[in-house]
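Participant: Take this structure first; my questions come after.
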Amino acid sequence: MPKPLIVDIPHDLGRDEAKRRLEHGTDQARAFLAKSGITVDQLAWTGDRLDFGVSAMTQKVAGTIDVGAESVRLEVKLPFLLALFAEKIQKVASKEGNLLLTKK
């Protein structure tokens with residue numbers, strides 16, 4: 001079984017502002033993912049944790065985003081087929097996350 005893909009994105013926004021940006025960024029994320037053939041099946045906030053589910057290449061993926069005061073942690077367990085793309089997925093998630101959490 002592949003190891004989970006983990007991306008830690010540091011920020012200096014504070015927990016509330018980081019969560020607000022992530023909440024407002026979900027529509028943009030859906031559109032971005034849809035262009036890549038990825039469907040968002042589930043988005044559910046519980047406190048400062050977002051549980052999500054996506055489908056791609058007939059594979060289902062579940063993950064979490066934990067919002068902290070100084071960082072956001074994305075953790076996804078990829079099935080074998082998608083684990084082949086883990087490095088690319090990690091780079092894209094890190095880049096997009098940094099753009100979303102950069103102070104403006």
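Participant: Within region 19-60, which residues are touching a helix residue (DSSP H, G or I) at 6+ places or on another chain (Cβ under 6 Å) and over 21 Å from LYS77 (Cβ atoms)?
Facilitator: ARG21, GLY25
Participant: Evaluate the following for LEU81: is it touching a strand residue (DSSP E or B) at 6+ places or on another chain (Cβ under 9 Å) and surrounded by 13 or more Cβ atoms within 10 Å (Cβ to Cβ)?
Facilitator: No.
Participant: Are any of the residues in region 47-66 at pLDDT below 90, closer than 21 Å to ASP12 by Cβ, open to solvent by 60 Å² or more (accessible area, probe 1.4 Å) and among the hydroxyl-bearing types (Ser, Thr, Tyr)?
Facilitator: no
Participant: Let me ask something else. Kindly provide the set of residues from region 59-104 that are among the charged types (D, E, K, R) and in contact (Cβ under 8 Å) with a residue 24 or more places away in the chain, ordered by number.
Facilitator: Kept after step one, since they are among the charged types (D, E, K, R), are these residues of region 59-104: 60, 66, 70, 73, 75, 77, 87-88, 91, 95-96, 103-104.
Of everything in region 59-104, those that are among the charged types (D, E, K, R) and in contact (Cβ under 8 Å) with a residue 24 or more places away in the chain turn out to be GLU70, ARG73, GLU75, LYS77, GLU96, LYS103.
Participant: Hey, another quick one. Out of ASP41, ASP51, ASP66, I need the residue that is at negative phi and out of contact with any Lys or Arg (no Cβ under 9 Å at 6 or more places or on another chain). Which one? Let's see the steps before the verdict.
Facilitator: Values: ASP41 fails: out of contact with any Lys or Arg (no Cβ under 9 Å at 6 or more places or on another chain); ASP66 fails: out of contact with any Lys or Arg (no Cβ under 9 Å at 6 or more places or on another chain).
Only one candidate qualifies: ASP51.
Participant: Looking at (1) over 14 Å from the mean Cα position of the chain (by Cα); (2) open to solvent by less than 80 Å² (accessible area, probe 1.4 Å), find the lone condition where ARG20 falls short.
Facilitator: (2)
Participant: Right, another one. If you check LEU13, LEU33, which single one turns out to be among the hydrophobic types (A, V, I, L, M, F, W, C), over 13 Å from LEU101 (Cα atoms) and open to solvent by less than 80 Å² (accessible area, probe 1.4 Å)?
Facilitator: Every option except LEU33 fails the conditions.
Participant: So in region 84-104, with the set limited to residues that are more than 10 Å from LEU5 (Cβ to Cβ) and β-branched (Val, Ile, Thr), which one is most open to solvent (accessible area, probe 1.4 Å)?
Facilitator: The initial filter retains those residues of region 84-104 that are more than 10 Å from LEU5 (Cβ to Cβ), namely 84, 88, 91-92, 94-104.
Going one step further and asking which of them are β-branched (Val, Ile, Thr), we end up with 92, 102.
Details: VAL92: 53, THR102: 71 Å².
Once the filter is applied, the top-ranked residue is THR102.
The values are calculated or read from the model by the stated rules, or taken from the named source; none is laboratory data. Given the structure is predicted, the values throughout are model-derived calculations rather than measurements. As a convention, Cβ positions derive from the backbone with ideal geometry for all residues, glycine included, and neighbour counts pool all protein chains shown. For accessibility, only protein heavy atoms count, side chains too; no ligands or nucleic acids. Shrake-Rupley method; radii C 1.70, N 1.55, O 1.52, S 1.80 Å.
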